Structures are given as structure tokens and as C-alpha cells.
Amino acid sequence: MKQVKLGIIGIGNMGSGHCGNILEGRTPEIALTAVADLRESRRSWAETALPGTVAVFEDGDSLISSGLCDAVLIATPHYDHPRLAMLAMEHSLHVMCEKPAGVYTKQVREMNEAAGKSGLVFGMMFNQRTNCIYRKMYEIVQGKHYGEMKRMSWLITDWYRTQAYYNSGGWRATWDGEGGGVLLNQCPHNLDLLQWICGMPSRVRAFCHNGKWHHIEVEDDVTAYLEFPNGATGVFVTTTADAPGTNRLEVTLEKAKLVAENNKLTLYELEIGEREYCFQATEGFQKPPCHEREIILDGENPQHVGILNAFAGAILRGEPLVANGTEGIHGLELSNAMHLSSWLEKTVELPIDEDLFLEKLNALRASSVKKADVQEVTFDTKGSYGSKPQ
């Protein structure tokens with residue numbers, strides 16, 4: 001096999017963007033052979049915009065059973081991710097799954113078990129792990145060169161969305177269609193990076209405000225307090241209603257502080273560890289000597305293309321993935337914990353009570369409002385934004 005024959009299930013915003021990257025030749029070891037979408041308008045777009053060699057199917061099940069693919073990329077609404085992934089594995093197809101892994105961890109755990117038994121390549125589209133800033137933060141924090149983490153905070157409020165965005169599709173911003181709001185749609189990358197760089201917290205207390213700034217039924221404003229097993233603490237704040245918004249990730253270690261903001265990474269390096277200095281110092285107000293410098297990075301940030309090229313390398317030559325699909329459960333559990341904490345109005349321990357979470361989610365789904373599907377903004381085949389054909 002010289003190329004991986006790939007089918008893309010779901011050709012909305014992300015799926016059509018992936019089509020563009022492949023057709024532009026940015027993934028030379030991947031050939032696009034099939035696409036599928038439940039919406040007739042998106043199938044019409046595919047038949048017009050994609051080469052005639054790309055088969056178009058009405059649903060993912062048909063694409064999976066067609067025999068035209070070696071692998072599938074799942075870019076459907078969130079609830080369908082695990083079911084389609086498991087069905088693809090049953091047909092001996094490798095799987096790349098868009099974020100999030102699913103809506104609730106009980107569902108994703110079943111998918112992970114199936115992946116483990118299949119022996120197939122299973123990847124997750126955590127493209128922000130390819131960003132040189134976050135790769136370096138992972139290396140420094142997990143390498144323990146500056147000691148243990150003491151504190152982290154992520155103010156990630158530059159996910160601005162208008163009401164028009166939420167009106168753009170019937171599944172958006174509903175409990176039954178999407179399963180959540182900013183935590184499940186915009187923040188899976190941030191939650192994955194948080195646990196990847198800092199580790200999983202052991203306790204969470206969160207405040208999720210539903211429809212605070214938009215006419216939606218899911219959360220668009222979240223503040224969460226985190227406690228980690230080593231005693232470190234953290235704060236995670238996000239919204240889709242701040243303009244211009246901020247994206248600042250700060251991690252304080254025993255001997256340094258890292259700040260990622262405005263596309264650069266700054267290191268504040270102490271000459272002596274804070275804990276050691278605290279009990280040795282004879283002066284009450286003097287801080288330990290500190291040197292500030294911007295960390296020079298390799299500049300590499302291949303994003304979705306990097307994920308797909310690694311996926312092809314894993315299938316063809318057994319090379320490592322950027323993110324194994326089974327890792328998707330970690331950030332999702334953090335999201336589920338924030339929701340559950342807010343619903344119960346108390347601190348929750350991790351791992352969460354998965355049955356209780358699902359009970360609460362299903363109650364919200366039962367009263368969820370279904371919206372009519374309206375015009376949706378999507379990618380054209382060149383990867384730029386354009387309106388969906390009527």
C-alpha cells in the first residue's frame with residue numbers, strides 16, 4: 001500500500017476542510033476515495049466540488065461497508081463518533097476521529113475497548129498537540145526539570161461566537177444534538193492540552209452558565225477550579241461571548257513559571273527553587289532571583305495536516321500517532337466533570353460517576369429543543385470559508 005484510501009464521514013465545517021487539505025496534495029500518503037453526509041445539500045456540494053473519483057454516500061454506515069476505504073475520518077455531530085468508530089473497526093478500517101471523542105465517557109470507554117481489541121490504528125484529531133508552544137510546555141512540565149507543578153491557570157476566552165453561528169445548524173447548542181456547549185464544541189483541544197501538559201486533576205468544582213450570553217440551552221460561560229493529586233491547583237475559564245477575548249495559559253512550577261500567550265512562550269526561571277528559598281530567606285518580602293526569557297521554538301505547527309500525515313505513517317509503517325484515539329477520554333472526562341459539578345452544585349471527584357452523569361444528561365436531552373437546519377458556513381475544497389450551497 002502506497003496510499004491510504006480514506007473516507008470522510010460528515011462534510012460540514014471540518015470534514016470539507018479535510019477534503020481540501022487532501023485534494024491540495026498536503027497529505028501525499030492519503031487518497032480521498034469517499035465521503036458521506038446525511039444532508040442532501042452537502043452531498044450535492046460534494047458531487048459538484050469533489051473529483052468524480054470520490055464516491056458520495058448518504059450515510060456513514062454505507063460508506064463503511066462499501067469496501068472503498070482503508071480508513072475513515074469521522075467528522076459528524078458528537079454523539080455519533082463512538083458508534084461509527086466501532087462500526088468501522090468491525091469492518092477492519094482504521095479510524096481517525098474528530099474531537100471530542102464523544103459526549104459521555106461511558107460511551108467512549110466502550111469505543112476504546114473495541115479499539116484495543118481491533119489491532120487497528122485509532123487516532124484522535126487533537127491538532128493543537130502539533131503546536132510548537134504546547135509541545136515545548138509538555139516537554140518542560142512533564143520533564144520535571146523545574147520541579148513539580150504548583151499552579152496552573154488557563155483563561156481561554158477568545159472563542160467568540162455570534163448568535164448567527166448558533167443558528168447555523170439544527171444540532172448546534174442543544175443537549176440532544178451536541179451534548180454541551182463551549183466545553184464540548186470549542187474547548188476539547190484546550191481540555192486535552194490541559195491534561196496532556198499538567199496531568200488529570202483529582203477534584204473539580206465548576207460553574208457552567210447555560211445560555212448566559214446567547215439564545216441557546218447549553219453552556220456559553222464556564223469557570224472551574226481544579227485540584228491535582230500532588231496538591232497543585234488550577235483555574236479554567238472560558239466563554240464564547242468575550243471580545244476580543246484572551247488566550248493565556250500559565251503554569252507555575254517549583255523553580256519556574258511558563259506563560260503561553262500571543263503566540264510565544266515565556267519562561268521565568270528562578271535561581272533557587274521557591275520552596276527552598278522560602279525557608280532559607282532571612283528577609284520577609286524579597287522574592288527569589290528570577291530571569292525572564294522567551295523560549296526559542298522550532299516554529300512547527302502543522303495542525304490537521306500533521307495529524308493526518310502521522311495517521312498515514314502509522315498505518316503504512318507503524319510510526320507513532322500525534323494522539324492515540326484512546327486518549328480522547330481524558331479531556332472528555334474533565335468536561336463531564338465540569339458539567340456534573342455544575343449540575344450538582346458541588347465538588348466532584350475524578351473518575352466521575354458515569355451513570356449519574358448519563359442520567360443527568362439524558363434528563364436534559366429529554367427536554368431539548370430541536371431546531372430547523374438552516375444555512376451553514378463551511379469550507380470549500382481549497383480550505384477557505386464559503387457558504388453552503390442552497
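The values are calculated or read from the model by the stated rules, or taken from the named source; none is laboratory data. In this text, all values refer to a predicted model and were calculated from it rather than measured experimentally. Using ideal geometry, Cβ is built from the backbone for each residue, glycine included, and neighbour counts are taken over all protein chains shown. The protein model used for the area step is the full one, side chains on, heavy atoms only, and it has no ligands, DNA or RNA in it. Shrake-Rupley method; radii C 1.70, N 1.55, O 1.52, S 1.80 Å.
What the table below lists for this structure:
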{"item": "Whether region 147-187 is rounded, prolate or oblate, judged on the alpha carbon gyration tensor where a/c under 1.5 counts as rounded", "result": "oblate"}
{"item": "In degrees, nearest ten, helix 303-317 long axis to first principal axis of the chain (Cα)", "result": "70"}
{"item": "Unit charges on C-beta of K, R, D, E only; dipole of the chain, Debye", "result": "280"}
{"item": "Global geometry of region 100-203, whether rounded, prolate or oblate, following the gyration tensor of its Cα atoms and the 1.5 cut on a/c", "result": "oblate"}
{"item": "Region 321-371 - accessible surface per residue (Å², probe 1.4 Å)", "result": "46"}
{"item": "Angle in degrees between helix 188-198 and the longest Cα principal axis of the chain, rounded to the nearest 10", "result": "40"}
{"item": "Under-5 Å amide H pairs with residue 55, H placed in peptide plane, nonlocal only", "result": "34, 35"}
{"item": "Euclidean distance between Cα centres, region 1-69 to region 150-222, Å", "result": "29"}
{"item": "Accessible solvent surface per residue of region 1-127, calculated while the other protein chains remain in place, 1.4 angstrom probe, Å²", "result": "37"}
{"item": "Note, ³J(HN,Hα) from phi for region 231-240, Karplus 6.51, -1.76, 1.60, rounded to Hz, x at Gly and Pro", "result": "x, 5, 10, x, 9, 10, 10, 8, 6, 10"}
{"item": "Accessible area (Å², per residue) of region 199-275, counting only protein heavy atoms and a probe of 1.4 Å", "result": "44"}
{"item": "Taking the chain and dividing mean pair separation by its residue count, relative contact order in percent (alpha carbons under 8 Å, at least six apart)", "result": "23"}
{"item": "Carbon + sulfur, % of accessible area of region 151-248 - ligands and nucleic acids excluded, 1.4 Å", "result": "54"}
{"item": "Interchain or long-range residues, amide H under 5 Å from residue 261's placed H", "result": "266"}
{"item": "Carbon/sulfur fraction of accessible area - region 1-49, other protein chains in place, 1.4 Å, %", "result": "49"}
{"item": "Among 238-248, 8-18, the order from most to least packed when residues are scored by Cβ within 10 Å on average", "result": "8-18, 238-248"}
{"item": "Cα-based helix-to-principal-axis angle, 354-366 vs the chain, degrees rounded to 10", "result": "60"}
{"item": "Solvent-accessible surface ranking, highest first, for 171, 154, 213 at 1.4 angstrom", "result": "213, 171, 154"}
{"item": "Using θ = phi - 60° and Karplus 6.51 cos²θ - 1.76 cosθ + 1.60, couplings along region 249-254 (whole Hz; Gly, Pro as x)", "result": "10, 10, 10, 9, 10, 5"}
{"item": "Mean ellipticity per residue at 222 nm, deg cm²/dmol - from DSSP H runs of n ≥ 4 across the chain, formula -39500 (n - 2.57)", "result": "-10000 deg cm²/dmol"}
{"item": "Which of 249, 350 is most accessible, then next, and so on - probe 1.4 Å", "result": "350, 249"}
{"item": "Gained length - residue 106 relative to residue 248, 0.36 nm times residue gap less alpha-carbon distance", "result": "48.0 nm"}
{"item": "Table column - 3J(HN,Hα) (Hz), region 331-344, Karplus curve with 6.51, -1.76, 1.60, x for Gly and Pro", "result": "x, 5, 5, 5, 5, 4, 5, 5, 4, 4, 4, 5, 5, 7"}
{"item": "Peptides 86-94, 121-129, 336-344 ordered by average Cβ neighbours within 10 Å, highest first", "result": "121-129, 336-344, 86-94"}
{"item": "With all protein chains modelled, accessible area of residue 346 [1.4 Å, Å²]", "result": "110"}
{"item": "Nonlocal amide H pairs with residue 235, under 5 Å, H built at 1.01 Å", "result": "152, 153, 154, 226"}
